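The values are calculated or read from the model by the stated rules, or taken from the named source; none is laboratory data. Bear in mind that the values here come from a model prediction, so they are computed numbers and not experimental data. Cβ coordinates were reconstructed from backbone atoms using ideal geometry, including for glycine residues, and neighbour counts include every protein chain displayed.
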Amino acid sequence: MTTIEFDRARVDAVTAEGEVRILHDTTLRLAEHRVAVIGANGSGKSTLARLVNGLVAPTGGRVLVDGRDVAEHGRAIRRRVAFCFADPATQIVMPTAIEDVALSVRRRHRRPADRLAAATAVLHDFGLAGLEHRSVHALSGGQRQLLAIAGVLATDPAILVADEPTTLLDLRNARHIGDVLMTLSQQLVLVTHDLELAARCDRAILLEAGRVVADGPPAQVIDTYRRLP
Amino acid sequence: MSSAGVAGAAYRPGDSFLHRMPAGTKLAALTLIGAMATIWRSAATSTILATCALGLYLTTRPGRRTAARTARRVLVVPVIVGMYQVWQRGWDHGVAVSGNLIGILLLATVLATVTSIDEMLDTITRLVRPLRHLGLQPELVAFAFSLMMRSLPATLETARETRQAAQARGLERDVRALLIPLAIRTVARARATGQAIHARNLMDPVDDGRTSRVRSGARP
């Protein structure tokens, strides 16, 4: 399993009110298969997640993936760390399901036929067989989120960071996506408001106002979260 | 998000002669016809162009709804421009300009309908490969082209949503309520797309010669 380390990582942002600290000095070492990050809106969860693959750069401190600094080894880290957004529409850049996954596998497959075969196999793996040529606009919310996850995992990353992947979904689709995430072989950093899903992880981290206020077994951390004022 | 390509057309797989024709040939033909239509512009030639393009479009067998949607997108701007030209420079010029626009837009729609973006990316990559000596990365140029193709209908979709939002608040006649949110949402969409490209690692140079290995680990 890969290791993600936050070494006194902090993030400041300039707003109309002046400089605001979004994430205070954070030191963590994540080596578990599935790590849930929970907390209220604006607590710094997404910022913490975005630090892992360089979508956000730390203002101070370092973030390391397998001992390599994300700020210095951006390209190599991006190949190791995939990121999935809450809204799949943000992430899907091609008009049909197969074209979107084929875009992800272009790097590895030079021949169009190989690309299509690989993309078809990925879609099949994610339960999207038969929807290859369907417009992404015509897919259901759950299918679109599956496609977004398939698109990033097709690049064969070691880590998947998922930022509230079930937030926009109904109960059935949220459960389905949750099940898919829990069966992945990749290390998973899961930012979520879904406490049932968080409870299925190996470790949970609770953020409050940009600080880690609880860290440990999900049941304990969720209990702490529920008791927060 | 919009799934449509040029003029609202989405790729439809098939085995027609247009599907089988190499994407480079289709792209070259469209460019050539566009150039010729601009050079030899007359009411007669543009009418012939628009009629032939319509015939070609019908060979793609669009459904009634698709055809209606295409008609809306293909006709609105040319008709407005054509009317302006009729008013300014007479019937001949108006018909020539609007006919050319309709013809080219229909041909572009046909191209998008019978050519997958993947095929288009390969073609553009091949076309710009000689320019790599100037520091251009062919894969990135092709990818930027495909993003541009996608961004046009996506921006139209954003405009439609913005108009609906303004209508819901009774502000449909307020230009600020239309333009300011449209500008903000378009920039936000561009930012989000940039983040997605970064997150999906799509902008890094392509490796050559690596073997295939797709691993998902998921069996939903």
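Quick one: is A:I77 more than 25 Å from A:T2 (Cβ to Cβ), in contact (Cβ under 8 Å) with a residue 24 or more places away in the chain and either within 14 Å of another protein chain (Cβ to nearest Cβ) or surrounded by fewer than 19 Cβ atoms within 10 Å (Cβ to Cβ) (or both)? Explain how you work it out, then say what you get.
Numbers: more than 25 Å from A:T2 (Cβ to Cβ): no; in contact (Cβ under 8 Å) with a residue 24 or more places away in the chain: yes; either within 14 Å of another protein chain (Cβ to nearest Cβ) or surrounded by fewer than 19 Cβ atoms within 10 Å (Cβ to Cβ) (or both): yes.
Spelling it out, it is not the case that A:I77 is more than 25 Å from A:T2 (Cβ to Cβ), in contact (Cβ under 8 Å) with a residue 24 or more places away in the chain and either within 14 Å of another protein chain (Cβ to nearest Cβ) or surrounded by fewer than 19 Cβ atoms within 10 Å (Cβ to Cβ) (or both).
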With respect to A:A102, determine if the residue is within 24 Å of B:A190 (Cβ to Cβ), touching a residue at least 40 places away in the same chain (Cβ under 8 Å) and assigned to a helix (DSSP H, G or I). no
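Conditions tested, residue by residue: (1) in contact (Cβ under 8 Å) with a residue 24 or more places away in the chain; (2) small (G, A, S).
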| position | (1), (2) |
| --- | --- |
| B:I39 | no, no |
| B:S46 | yes, yes |
| B:L49 | yes, no |
| B:G90 | no, yes |
| B:L105 | yes, no |
Can you find a residue in the stretch A:4-14 that is surrounded by fewer than 22 Cβ atoms within 10 Å (Cβ to Cβ) and assigned to a loop (DSSP other than H, G, I, E, B)? no
Apart from one, (1) closer than 30 Å to A:R8 by Cβ; (2) of a type in the set (A, V, I, L, M, F, W, C); (3) touching a residue at least 24 places away in the same chain (Cβ under 8 Å); (4) more than 8 Å from every other protein chain (Cβ to nearest Cβ) all hold for A:V70; the odd one out is (3)
Breaking point among (1) at the interface with chain B (Cβ under 9 Å from one of its Cβ atoms); (2) surrounded by fewer than 24 Cβ atoms within 10 Å (Cβ to Cβ), for A:A150: (2)
Name the residues in the stretch A:106-136 that are touching an Asp or Glu at 6+ places or on another chain (Cβ under 9 Å), in a helix (DSSP H, G or I) and facing another protein chain (nearest Cβ under 7 Å), would you? A:P112, A:R115, A:V136
For the stretch B:125-147, give me each residue that is under 26 Å from A:A89 (Cβ atoms) and without any contact (Cβ under 8 Å) to a residue 60 or more places away in the chain. B:V141, B:A142, B:A144, B:F145, B:S146, B:L147
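Residue by residue, here is whether (1) surrounded by 15 or more Cβ atoms within 10 Å (Cβ to Cβ); (2) within 13 Å of another protein chain (Cβ to nearest Cβ); (3) part of a helix (DSSP H, G or I) holds:
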position	(1), (2), (3)
B:D118	yes, yes, yes
B:M148	no, yes, yes
B:A154	yes, yes, yes
B:Q167	no, no, yes
B:I184	no, no, yes
B:A188	no, yes, yes
B:H198	yes, yes, yes
B:N201	yes, yes, no
When the stretch B:1-44 is examined, which residues are found to be away from chain A (no Cβ under 12 Å) and modelled with pLDDT under 85? B:A7, B:D15, B:W40, B:R41
Check A:H133, A:H176 and return the single one that is more than 23 Å from A:T3 (Cβ to Cβ), touching a strand residue (DSSP E or B) at 6+ places or on another chain (Cβ under 7 Å) and not acidic (D, E). A:H133
For residues that are among the hydrophobic types (A, V, I, L, M, F, W, C), surrounded by fewer than 20 Cβ atoms within 10 Å (Cβ to Cβ) and more than 14 Å from chain B (Cβ to nearest Cβ), tally how many sit in the stretch A:183-199. 2
